[in-house]
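Reading through the structure tokens given below for one structure.
Only the coordinates and a few stated rules stand behind these numbers; no lab work does. Computed from a prediction, not measured in an experiment: that's the story for all the values here. In this analysis, Cβ positions are derived from the backbone assuming ideal geometry, glycine residues included, and neighbour counts consider all displayed protein chains.
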Amino acid sequence: MEIFEAISAKFNFWIYIIIMMIGLYAMIAKNNLIKKLIGMSIFQTAIILFYVSIGVKDGASIPILYHDQVHPEHHDESHGDHSAHSPSTDGHDSHAAEDRYLPELVVDGNDFANPLPHVLMLTAIVVGVSTLGVGLAVTQKVYREYGSIEESEILEMIKSGK
Amino acid sequence: MSSESITSFTPVFASIVSLLAVLPIALLGKKPNLREGATFVAAFIKFGLVLSMLPAILAGKTIEYTIWEIVPNLEIAFRVDGLGMLFGLVASSLWIVTSLYSIGYMRGLKEHSQTRFFSFFAVSLSATIGVAFAANLFTLYLFYEMLSLATYPLVTHHQDKEARIGGRTYLTYLLSTSIGFVLPAMIFVYVKTGSSMDFSSDGFLNGHIGATEALILLLLFTFGFAKSGLMPFHSWLPGAMVAPTPVSALLHAVAVVKVGVFCILRVYTGVFGTDFLQSLDLGVVVAWIAAFTIVVSSLIALSQDNLKRRLAFSTVGQLSYIILGAALLSDRAVTGSMTHIAMHAVGKITLFMCAGAVFVATGKKYISQMDGLGKKMPITFAAFSIGALSVIGLPPAGGLISKFYLVTGAMDAGQSALLVIFLISTILNAAYLLPIGYRAFFPKDPKLAAEPFSWKNTQEASWQCITPLSVTAVLAVILFIKPQLLLQLAGLMVGGNG
Amino acid sequence: MIEQAPALILLVPFFVSIFVALLGNRFQGICFPLSVLSLIGSVAASVTTLGRVINEGTIRYRLGGWEPPMGIEFRIDALNALVAVAVSGVGLLAAIYSKRAVLAETPDKVSQYYTLFLLLITGLLGMVITGDAFNLYVLLEVSALTSYALIAMGPKRATLAAYKYVIIGTIGASFYLLGVGYLYIKTGSLNMFDIHEQLIARDIFDSPAILVAFIVITVGVWIKMAFFPLHAWLPNSYAYAPTTSSAILGPLMTKVMIYVMIRLTFTVFGSDFAFIQLDWSDIIVWMSVVAILAGSISALAQTDLRKMLSFLIIAEVGYMVGGVWLADDMGLVGSIYHIIADAFMTLCVFLFAGIIFVKTGKRDITALDGLFTKMPLTMVGLLVGAFSLIGIPPTAGFFSKWYLIQGGVASGHWEYVIALLISSLINAVLFFRIIEIAYFGVKPAEGHGHHDSDTHESGPNEASFSMLFPLLATAAALLVIGLYNQDIVAIISSFVSQFNFGVIGI
């Protein structure tokens, strides 16, 4: 039972590892070059999932401050300044500079999902897409050169000195 | 020991003058006479520079110059002392002689790429003098490697199949031993002492390492400097005989091989220190390896018909005399081995130049073909006989002096057993060298013997070939009559140990 | 300007690459001069930065003015300033070489080639100077993606090699990213220096997550640097790529990854964690011994010149990984010095291989037949590079071996010392085989003394200046790096000395 608990407590880790292994298996075992690339994509996605899952907190919402949080009723007079500054403070522990303007705004970190991993993963997704793009382009070139995208056939051709 | 040292650029200049000469030599490639002129100018300047330092050295001073601190605490530095001076004198004076001989030989055989030949010859000499005047182990290693590489194009000058094989053996042995043995040994010494590795008269390893480490280091250094031809790392020397004869003469009788033994001498006296080695009783190990080499190489020499190969094996044996002397660690033995550097150099270069002269004049390489040749080439074979006497150690030639010191040194060291080795090897030396000269003048074949001698029938090689070998033969005799200078220089080195 | 120098190091080639991409197709002629100019700018900026680091100590540059640890910070100390100079210098020399090679090998893709080339160098330089772990991942992928494309531009075999590289390279980078994720969970930071401070402040070195992060990152970086046995992608990629690509990838890619390894091991995890807490030094040094021997011996079996050199790179990677893991300050100094030295010596021999390929169209070592007569200056360049790889003084390679062996002796790793020596000897065999072919010809004459005029009617037929100049400049650089090794080591020592470990002081 303990094992089960250990797994269920961190099930997001286990899932990403399983997905990663599926990807790794495809990359190593598949003969078709496109399928290998699909495996690669799965592999990368697993890591993206891992990052996204570490930003999640129980009962937290997306890290955007709503209007009524930033502008409680009794603070109407300082209206104009806040909307310009507040987004950059979200999710950060320190918001010393903004304290002057928002003396009573209390942001509890537990209410918001950590946005940083998500932001990072936007970049990583872009990177993943580009990698996939380059991979497909290279595969296309391989096909043009060898007339096949089956690895074993290509290796056969190279061996036979063609 | 060195009570006083002078800072002077002269030793550096003495080394690099021939390196600088490469430029005019290469540029004048199209005009052979001017090109050889450049070689001569460089050779004379070099000799002059070395000679100019002699008085100071004899007065017990040393001359130093530091060029560059290249690794923390470690400099490229030059320092001239008695041993360096002795070797420097031998190498630089014989370069002049060999240059003349090279001209006769290379032109006589219409060899190709003569410009390359003379250029690399000059580079080799720079490296040789660099080794002679090196102030520390690091500088020594630097020039040692430079010499290995600079002589490669000379050894493989013919660029044919044979040269390729010879060149391969040459570099395989020399580079693998220096990188494989000397380099780690040197770095070990550096790490252990953290010092500049400057040679000093009592060595600097004492107190830094234990007996086992000392033995390993000693063997690494002794075998690592494979230019000394100590068995089992000797095969490169016979292999290098594919080179043109001037190369064999100067480099493989004088410069390269003597650099090998010189390095060993330096390491024994300057790095370990004779006292330290004596206290550990390590010399004996090397002494017996050397003794083994002496006997075996002499036996192999007996069976060689190719004259140059026979001389090469003879060189292997003679070099081991020097190592043996150094390993005996007694003052007189060390003196003997230092003087033997010069005595053997003069004798062996004569022999090689004679072999080359025979080849130029008649195209003969094998001893069996030289029956009766003395009548056609009387000067050459007369010189050959003197050279042979010197190498064997018979009067009236210089070899006797150094052998005398070696033998008495062996007795001093209490190694009477080695006397037997000296005896056997001297007999063997005589057996493989004397018959050549004898047969040349008194052929077996009665038809040849009956031929009357007349100066008109002689076919000596050109004067450029004959003059140098006569000069060195005369030099061998002079060194017998007046060995004082050499002994004095050698004495400077061992004197410090009392 | 000087204040902005750290950013300019990579921004100059970056913006020029965009420029080349936009205009290069219409005005093909501007690609080469623009690339060279931008790299000259990059070299100037990195030299300026190095000068500042020597005088003022570590430079902290905030990209876009954002405060670390939130913003991306370039923190440039002696180590990466030095490596940046080497990377931009190698990039510049390879760019000069590319003039003819690109026209000869990929004539229809000139502007694309230079765009990728500059982006690759941007990525490599970025990896060197960034102080942010995630930023490093992005730049790692920038350089990886461009290098896949640069390799795939080669002939038939290159495409398959590039494909393999895509797959394996992605695994490596993903591992790295994963490790950074674990570090982020534990420390809440991505700034390398901040991560280290957090690790100390929270005292979580014992956490298994940190251990996992360390292993995953190290393996990822090893894959990227082709540390044996994770090297399979390298030889074919570099051997069949266009010559300019291999001239830039061969020297830089692996070396920059070694830098990354050193940076992560020392700056992020700290030497106490890596060498005292884990104590894997013995295992990893043995692995590097295997890498050195495997690389060298595989190189012996090759007849394709560039493939042989590629296997040498694998051996050299073993040198450096081993040097770092000797856990001795001299070994670390040697490894860092070897990054610089090896970048230039690999460049030297790859430029040589490139010249030969462009001139003769052959990749086999028989292409070198009689080259001493035909291309004497090119051979001089090779000789210096070869001597450096063998380790003959006073070339740079000798001194890196000197320091590495010193580290090996001081830390008592004799197996490493012996492996280094064996590999030197194998290098000697490899290069003298080349020199022999170049000197004697493929089939030397049987008889005695054949004459030059008989076999080589044609006089010297040198490579063009734009190819010869970088080769000879690299050769000269090798000598300079060798002779001034003490000054370089002094800079390295200022980095190494902050980690108080090892047996002997500097």
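Put simply, the amide H of residue A:112, placed in the peptide plane, has neighbours under 5 Å in A:61, leaving out anything fewer than 5 places away on its chain. Across peptide A:130-143, the average count of Cβ atoms from other chains found within 10 Å of a residue's Cβ is 6. Where only DSSP H runs of four or more residues are counted, chain B gives -22500 deg cm²/dmol as its mean residue ellipticity at 222 nm, each run worth -39500 (n - 2.57).
Only lysines eight or more places from residue B:447 in sequence, or on another chain, were considered; those with a Cα closer than 23 Å are B:364, B:365, B:375, B:376, B:456. The alpha carbon centroids of the stretch B:31-64 and the stretch B:252-300 are separated by 29 Å. Annotation for residue C:414 and residue B:454: the two label points, set 7 Å from Cα along the Cα-Cβ direction, are 7.4 nm apart.
If I stretch the segment between residue B:408 and residue B:431 completely, what's the gain in nm (0.36 nm per residue apart, minus their alpha carbon distance), one decimal? Numbers along the way, then the final one.
Values: separation 23, 0.36 × 23 = 8.28 nm, distance 2.35 nm.
Additional length available on full extension: 5.9 nm.
Projecting the Cα atoms of B:463, B:224, B:328 onto the charge dipole of chain B, computed from C-beta unit charges around the Cα centre, puts B:463 farthest toward the positive end. Working note: Karplus 6.51/-1.76/1.60 with θ = phi - 60° gives the stretch B:345-357 the couplings 4, 5, x, 6, 5, 4, 4, 5, 5, 5, 4, x, 4 Hz, where Gly and Pro are set to x.
With neighbours defined as other Cβ atoms within 10 Å of a residue's Cβ, the residues C:284, C:223 order from fewest to most as C:284, C:223. The fewest-to-most ranking of C:310, B:235 by surrounding Cβ atoms within 10 Å reads B:235, C:310.
Where both residues lie in the protein assembly as shown, what percent of DSSP beta bridges are antiparallel, nearest 5? Within the protein assembly as shown, antiparallel bridges account for around 75 percent of the total. Size of the stretch C:1-83: Rg and Dmax of its alpha carbons, in Å, are 14.8, 45.
What average number of partner chain Cβ atoms lie no more than 10 Å from the Cβ of the residues making up C:390-403?
Average per residue, whole number: 4.
Distance from the C-alpha centroid of the stretch B:310-377 to that of the stretch C:80-132: 59 Å, rounded to the whole angstrom. With a simple spin-label model that places each label point 7 Å from the Cα along the Cα-to-Cβ direction, the separation between residue B:20 and residue B:235 comes to 4.3 nm. A straight line joining the Cα centroids of the stretch C:256-324 and the stretch B:193-229 runs 31 Å.
Using helices alone, I'd like the mean residue ellipticity at 222 nm for chain C: each DSSP H run of four-plus residues gives -39500 (n - 2.57), total over residue count, nearest 500. Walk me through the numbers on the way to the answer.
Values: 20 runs with 371 residues, N = 506.
The helix contribution divided over chain C gives -25000 deg cm²/dmol.
With the cut-off at under 17 Å, measuring from each backbone N in the stretch B:318-356 to a point 7 Å along the Cα-to-Cβ line of residue B:306 picks out B:352-353, B:355-356. Close amide H contacts of residue B:66 (hydrogens built in the peptide plane, cut-off under 5 Å, sequence separation of 5 or more or a different chain): B:78.
Show me the ranking of peptides B:431-443, C:136-148 by mean Cβ neighbours inside 10 Å, starting with the highest.
In decreasing order of mean packing, B:431-443, C:136-148 become C:136-148, B:431-443.
Across every direction, the projection of the convex hull enclosing the Cα atoms of the stretch C:119-225 has a mean area of 6.5 nm².
Answer rounded, prolate or oblate for the stretch C:59-157, using the Cα gyration tensor with square roots of eigenvalues a ≥ b ≥ c: rounded when a/c is under 1.5, else prolate when a/b is larger than b/c, else oblate.
Prolate, because a/c is 1.5 or more and a/b exceeds b/c.
Can you compute the FRET efficiency between residue B:107 and residue B:278 using 1/(1 + (r/R0)^6), with r the Cβ-Cβ distance and R0 = 45 Å? Round to the nearest 0.05.
The value I calculate is 0.30.
Considering every alpha-carbon pair of the protein assembly as shown, the percent of pairs per 20 Å bin, from zero through the bin containing the longest distance, is 11, 36, 30, 16, 5, 1, 0.
Annotation: amide H of residue B:74 has no partner in the under-5 Å range at sequence separation 5 or more or interchain, hydrogens built in the peptide plane. With R₀ set to 60 Å, the beta-carbon distance separating residue A:136 from residue B:192 gives a calculated FRET efficiency near 0.50.
Applying a DSSP loop filter and a limit of 16 other Cβ atoms within 10 Å to the trypsin sites (Lys or Arg not before Pro) in the stretch B:1-62 leaves B:30. Of all lysines in the structure, the ones whose alpha carbon falls short of 24 Å from that of residue A:35, not counting any fewer than 8 places away in one chain, are A:141, A:159, C:156, C:164, C:224.
Which residues does the label zone of residue C:380 cover in the stretch C:465-493, counting backbone N under 16 Å from a point 7 Å along Cα→Cβ? Under cut-off, by backbone N: C:465-480. One quarter of the convex hull surface built on the alpha carbon atoms of chain B amounts to 21.4 nm², the projected area averaged over directions.
Any idea what the relative contact order of the stretch C:280-506 is, in percent, if you count C-alpha pairs under 8 Å spaced at least 6 apart?
Result for the stretch C:280-506 is 30 percent.
For the stretch C:130-169, backbone nitrogen atoms closer than 11 Å to the point 7 Å from residue C:25 Cα along Cα-to-C-beta are found at no residue. Taking a sphere under 15 Å around the Cβ of residue B:260 and counting the other residues whose Cβ falls inside, with K and R at +1 and D and E at -1, yields a net charge of +3. In straight-distance terms, cross-link reach from residue C:255 covers every one of the aspartates and glutamates whose alpha-carbon lies under 15 Å from its own, apart from those fewer than eight places away in the same chain; here that gives C:316, C:342.
List B:112, C:413, B:208 from most exposed to least, where exposure is judged by having the fewest other Cβ atoms within 10 Å.
B:208, B:112, C:413
Given Cα pairs under 8 Å that are at least 6 residues apart, what percent is the relative contact order of chain C? Taking the mean separation of contacting Cα pairs over the length of chain C, I get 15 percent.
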